Amino acid sequence: MGDWLPAAGSDFGKRVRERIESELVIWYTSVRRDGTPLPNPVWFVLDGEEFLIYNRPTAARVHGLPANPRVALHFNSTPTGGDIVVVLGTARPAPDAPPCNEHAAYADKYGARMERISGSREVFARAYPVAIRVGPDRLHD
């Protein structure tokens with residue numbers, strides 16, 4: 001994983017890595033053209049050094065990407081507001097990504113959920129064909 005991560009031996013570094021591996025949802029926050037923040041829960045995997053997120057073609061985050069590629073990704077906090085992890089980065093279209101049902105890590109993580117939601121992984125992949133990669137720069141402190 002990248003230079004943006006805290007040291008693997010630190011408590012915070014261990015928690016961040018564990019959350020990247022175990023969490024199902026991350027909040028993707030972009031900014032609309034009018035300046036309004038737009039947070040959305042999304043499924044994700046860390047694909048090499050970048051987060052990979054699949055989207056419906058109509059998703060606002062897809063259409064707003066050219067105007068402002070800067071985004072924040074954050075995990076839910078504890079019920080009392082602790083264990084905050086916010087990743088700042090730059091989003092870009094990922095036409096090179098395979099369909100989500102063919103991406104091994106993504107399909108392993110979400111395959112059963114894809115089937116529950118859409119009846120099959122293939123139908124889900126047709127509904128969510130637009131991939132976005134987020135290259136993390138740093139953690140927000």
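Add -39500 (n - 2.57) for each DSSP H run of 4 or more in the chain, then divide by its residues: what number comes out at 222 nm, to the nearest 500 deg cm²/dmol? Write down the numbers at each step before the final one.
Working: 4 runs with 39 residues, N = 141.
It lands at -8000 deg cm²/dmol.
Spin-label point model (7 Å from Cα, Cβ direction): what's the GLU102 to SER10 distance in nm?
Distance between the two pseudo-spin positions: 4.0 nm.
Among 8-17, 113-122, 83-92, how do they line up by average Cβ neighbours within 10 Å per residue, starting with the highest?
Details: 8-17: 12.8, 113-122: 14.7, 83-92: 17.1.
Highest-to-lowest ranking by the protection proxy: 83-92, 113-122, 8-17.
Could you give me the percent of Cα pairs per 5 Å distance bin for the stretch 1-127, shortest bin first, beginning at zero and ending with the bin that holds the maximum distance?
2, 10, 18, 22, 20, 16, 10, 3, 0
Can you give the accessible area per residue of the chain, in Å², using a 1.4 Å probe? Numbers along the way, then the final one.
Numbers: 7500 Å² over 141 residues.
On a per-residue basis, 53 Å².
At a Förster distance of 25 Å, what's the computed FRET efficiency of GLU122 paired with VAL25, Cβ-Cβ distance as r, to 0.05? Before the final figure, lay out the partial values.
Details: r = 23 Å, r/R0 = 0.91.
E(calc), rounded to 0.05, equals 0.65.
The values are calculated or read from the model by the stated rules, or taken from the named source; none is laboratory data. The model shown is predicted, which means the values in this text are computed figures rather than measured ones. Neighbour counts are summed over all protein chains in view; Cβ atoms, including those assigned to glycine, are modelled from backbone coordinates with ideal geometry. Just the protein is used for accessible areas: all its heavy atoms, side chains included, with ligands, DNA and RNA removed. Shrake-Rupley method; radii C 1.70, N 1.55, O 1.52, S 1.80 Å.
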